[in-house]
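These notes concern the structure reproduced below.
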Amino acid sequence: MAIRTEPFILNMGPQHPSTHGVFRLRATLDGEVVVDVEPVIGYLHRGIEKLAEGRTYTQNIPFTDRLDYLASMTNNLAYVLAVEKLAEIKIPERAEYLRVIMAEMMRIASHLMAVGFFLNDLGAMMTPVLYMWREREKLLDLFEMVCGQRLTYNYMRIGGVSHDIPEEFLPALKRFVAEMPGFIDEYDQLLAENEILLVRSKGVGVLPKDVAINSAASGPVLRASGVKWDIRRADPYSIYDRFDFDIPVGSAGDCYDRYWVRVQEMRQSVRILEQAIPQLPEGEICAEVPQLLRPSVGEVYGHIETPKGELGFYLVSDNSIAPYRFRIRPPTLINLTALKDMVIGWKVADLIITFGSIDVCLGEIDR
Amino acid sequence: MTIALNGEEIAEKIGRVSPGSVVAADKAAVIVTNQSLYQVAEFLKNTTGLDFDYLVDLTAVDYLDYFEVVYHLTSLKHNHSLVLKTRCYDREKPAVSSVVKLWRAADFQEREVYDLMGITFEGHPNLKRLLLWEGFVGHPLRRDYL
Amino acid sequence: MEIERYEVPSSDEIDAAETLRINALKEASQQAIPDPDRWLEEELRRNVLLTTVDYALDWARSRSIFPLMFGLACCAFEMIGSAASRFDISRFGMDIFRWSPRQADLMIVAGTLTWKMAPAVKLVYEQMAEPKWVIAMGACAISGGTFRESYSVVPGINHIIPVDVYVPGCPPRPEGLLYGITKIHKKIGEESIKTS
């Protein structure tokens with residue numbers, strides 16, 4: 001006897017345990033199989049682009065913190081690099097090295113969270129997250145030593161950085177860098193051969209290479225699909241061309257590859273830190289920049305590789321103290337474009353982990 | 001290094017294929033007319049040697065006389081980039097053709113430009129508001145809002 | 001036997017219904033709801049005699065509050081940080097963060113609230129059973145924070161739901177949140193079976 005079924009719409013969110021913020025997903029389901037998916041966003045839309053037109057260039061730096069709140073240092077860095085490109089400011093060497101050190105520490109912290117919450121979505125309720133939180137707390141202590149804040153740093157300035165590092169910072173960082181590879185090995189030992197992780201994420205949520213390029217995916221999502229594109233290599237900014245590091249590239253483009261790329265990137269970040277710390281020179285930490293900066297008329301698009309993807313700022317200036325147009329290119333919103341292709345035909349549980357493996361941050365999607 | 005291609009050389013190439021479409025070109029960007037936007041985009045994507053397969057950013061700026069829709073394009077194969085722009089002089093009902101069929105990345109970004117600036121993209125399959133709710137009155141990112 | 005057809009509403013209908021809810025809530029929330037702080041008044045304290053039953057009841061209620069995870073933005077990560085192993089919130093008896101409002105007593109709203117999200121907050125608050133308390137964590141929840149002048153941000157969650165404790169900071173440290181929780185304990189300790 002054939003049973004006739006009808007599709008129904010399941011509304012997930014905006015307040016839901018397995019979302020990474022206030023994200024709403026309207027899934028049309030036929031039984032348990034996903035037929036259609038419609039993401040609804042905008043529940044955290046704070047109007048940053050409009051507010052930024054009324055504030056000076058330096059006053060906009062705290063706004064950039066609150067975009068991807070798990071990786072504030074790299075957001076700051078993207079914005080100040082764009083402004084320095086527009087106003088043609090040269091920054092001192094010590095500031096460059098400090099920026100790279102902060103950015104790579106931030107990358108490790110953000111990937112720890114990404115991997116931890118991906119495992120949370122898989123069902124390993126809180127155990128991996130709390131293990132990774134232990135390492136993240138060490139990193140947050142280091143950040144607090146430098147700039148006094150644990151989450152939204154406001155550390156970079158146009159022309160350099162805002163505070164110099166205290167004496168206790170470098171020994172503590174060296175200790176952290178020495179023990180971190182051991183901790184990543186510990187996670188690998190627990191997770192890499194884990195049968196549940198392998199069965200549930202290998203082959204699930206596949207993003208083919210051509211779809212990834214056409215949907216302008218970036219960051220680990222693009223690299224897991226087999227495209228070797230990292231802005232630190234393709235269009236080097238700051239002093240990344242002086243360091244020796246690999247770019248991990250996946251092959252299948254499934255959830256397991258995205259998880260694997262992030263773990264490998266943590267190892268590469270530790271490698272960059274090991275090279276940067278001995279090379280740190282003495283000197284000034286910030287160039288002489290007028291308090292009310294007036295760049296000349298023009299526009300610029302400055303982009304960097306954040307842990308989530310390619311974050312870009314498109315700034316248009318009309319020679320006044322505030323930007324005329326402050327556009328943020330959000331990596332996670334554009335990575336979400338291909339979500340529908342990745343989940344149609346799979347079940348509800350696979351939908352949750354595919355969404356978790358893209359690693360979104362709602363502050364950046366909604367701005 | 002990603003090389004930013006010279007707008008004037010590209011404008012010349014475009015001019016040979018579809019004459020009359022380039023309005024202005026300087027070192028940084030190429031500005032084309034509204035009507036020829038889709039053909040120029042197709043030309044830039046499909047020609048070997050240019051191969052702009054990656055749409056990095058799609059946004060709009062409100063200069064009070066006109067709206068300018070800006071496309072940042074990159075080629076992953078050749079590692080070069082280009083800025084393509086088009087202008088809409090209509091203030092009441094600005095409209096531009098959509099490039100969703102060429103680059104899927106334009107999907108959410110065009111919806112956001114419609115939501116915040118009010119520019120309609122013809123040919124977009126699902127042009128609804130993205131970040132604000134349906135009944136919101138006005139387009140906040142315009143210069144004359146509030 | 002007639003089988004009732006379930007009409008699947010289209011996306012547009014769902015959007016239109018949402019718009020009506022948001023606009024109605026926006027009209028109704030232009031003034032802030034006054035804080036329930038009668039417990040601080042001296043006269044009330046003198047008139048209420050706490051009996052042993054009250055003492056036992058307040059002790060039981062305050063030592064095992066179930067918080068509701070309502071993290072909206074950046075402050076959510078400091079809230080999760082207070083639940084992690086370093087700033088252990090489970091020494092206060094609150095380690096399981098419930099996601100269902102029916103099982104929770106304390107709603108910690110952490111992050112910026114926008115008008116689009118406001119009906120959801122009100123719905124979740126109404127689903128919680130009495131007695132219930134609300135903590136507003138972070139500058140954005142208290143008054144809109146840096147985003148106060150924006151066109152889409154609610155200037156403080158006390159326009160939508162009554163708030164008991166405000167924890168300032170951007171974001172507040174986990175110790176700040178724990179201090180706010182001790183204030184909630186104090187508030188619960190002052191309640192009598194007659195007034196609650």
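The values are calculated or read from the model by the stated rules, or taken from the named source; none is laboratory data. Treat the numbers as computed from the prediction; the structure is a model and nothing was measured. Don't worry about glycine lacking a Cβ; one is built from the backbone with ideal geometry, like all the others, and counts go over all protein chains shown.
Scan the helices (runs of 4 or more DSSP H) fully inside region C:43-155 and keep the ones with 1 or more residues being polar (S, T, N, Q) and under 20 Å from A:Thr152 (Cβ atoms). Can you show your working first?
Working: elements: C:52-63, C:75-83, C:118-127, C:139-143.
In region C:43-155, the matching helices (runs of 4 or more DSSP H) lie at C:75-83, C:139-143.
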Problem set entry | region A:71-82: number of residues that are at the interface with chain C (Cβ under 10 Å from one of its Cβ atoms) and surrounded by fewer than 24 Cβ atoms within 10 Å (Cβ to Cβ) | 0
For this session: Mind counting the residues in region A:42-69 that are under 20 Å from C:Ala76 (Cα atoms), more than 7 Å from chain C (Cβ to nearest Cβ) and outside any helix (DSSP H, G or I)?
Result: 2
Seminar exercise, completed: When region A:218-233 is checked residue by residue, the ones that are of a type in the set (Gly, Ala, Ser) and over 13 Å from the mean Cα position of the chain (by Cα) are A:Ala224, A:Ser225, A:Gly226
Problem set entry | Hits in region B:11-39 - residues which are closer than 17 Å to B:Arg104 by Cα and either within 11 Å of another protein chain (Cβ to nearest Cβ) or among the aliphatic types (A, V, I, L, M) (or both) | B:Leu37
Seminar exercise, completed: Out of (1) under 30 Å from B:Phe108 (Cα atoms); (2) in a helix (DSSP H, G or I); (3) over 19 Å from the mean Cα position of the chain (by Cα); (4) among the β-branched types (Val, Ile, Thr), the one A:Val206 does not meet is (2)
Exercise. Within the bounds of region A:220-238, is there any residue that is at pLDDT below 90, hydroxyl-bearing (Ser, Thr, Tyr) and part of a helix (DSSP H, G or I)?
Worked result: no
Problem set entry | Filter result for the condition that a residue is within 24 Å of A:Gln268 (Cα to Cα), in a loop (DSSP other than H, G, I, E, B) and within 14 Å of chain C (Cβ to nearest Cβ), over A:Arg134, A:Arg150 | A:Arg150
Exercise. Is it the case that some residue within region C:56-64 is within 12 Å of chain A (Cβ to nearest Cβ), closer than 20 Å to C:Ala136 by Cα and of a type in the set (Gly, Ala, Ser)?
Worked result: no
Problem set entry | Any chance A:Leu273 is in contact with a Pro (Cβ under 8 Å, 6 or more places away or on another chain) and either within 11 Å of another protein chain (Cβ to nearest Cβ) or in a helix (DSSP H, G or I) (or both) | no
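Please indicate, with yes or no, whether at least one residue in region A:119-130 is at positive phi, at pLDDT below 90 and not charged (D, E, K, R). Can you show your working first?
Here is the first cut: in region A:119-130, the ones at positive phi are A:123.
Next, from what is left, pick out any that are at pLDDT below 90: A:123.
Subset that is not charged (D, E, K, R): A:123.
Within region A:119-130 (the criterion being at positive phi, at pLDDT below 90 and not charged (D, E, K, R)), the answer is yes, since at least one residue qualifies.
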Exercise. How many residues does region A:17-41 hold that are crowded, with 18+ Cβ neighbours inside 10 Å, facing another protein chain (nearest Cβ under 9 Å) and among the β-branched types (Val, Ile, Thr)?
Worked result: 3
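In the set C:Arg98, C:Arg91, C:Arg102, which member is more than 11 Å from chain A (Cβ to nearest Cβ), in contact (Cβ under 8 Å) with a residue 24 or more places away in the chain and surrounded by fewer than 22 Cβ atoms within 10 Å (Cβ to Cβ)? Write out each step before concluding.
Values: C:Arg98 fails: more than 11 Å from chain A (Cβ to nearest Cβ); C:Arg91 fails: in contact (Cβ under 8 Å) with a residue 24 or more places away in the chain.
Just a single option satisfies the conditions, and that option is C:Arg102.
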Problem set entry | Checklist (1) in contact (Cβ under 8 Å) with a residue 60 or more places away in the chain; (2) more than 14 Å from chain C (Cβ to nearest Cβ); (3) under 27 Å from A:Ile358 (Cβ atoms); (4) of a type in the set (Asp, Glu) applied to A:Asp121, failing item | (2)
Exercise. Which residues, counting only those in region B:1-27, are out of contact with any strand residue (DSSP E or B) (no Cβ under 6 Å at 6 or more places or on another chain), at negative phi and of a type in the set (Gly, Ala, Ser)?
Worked result: B:Ser18, B:Ala25
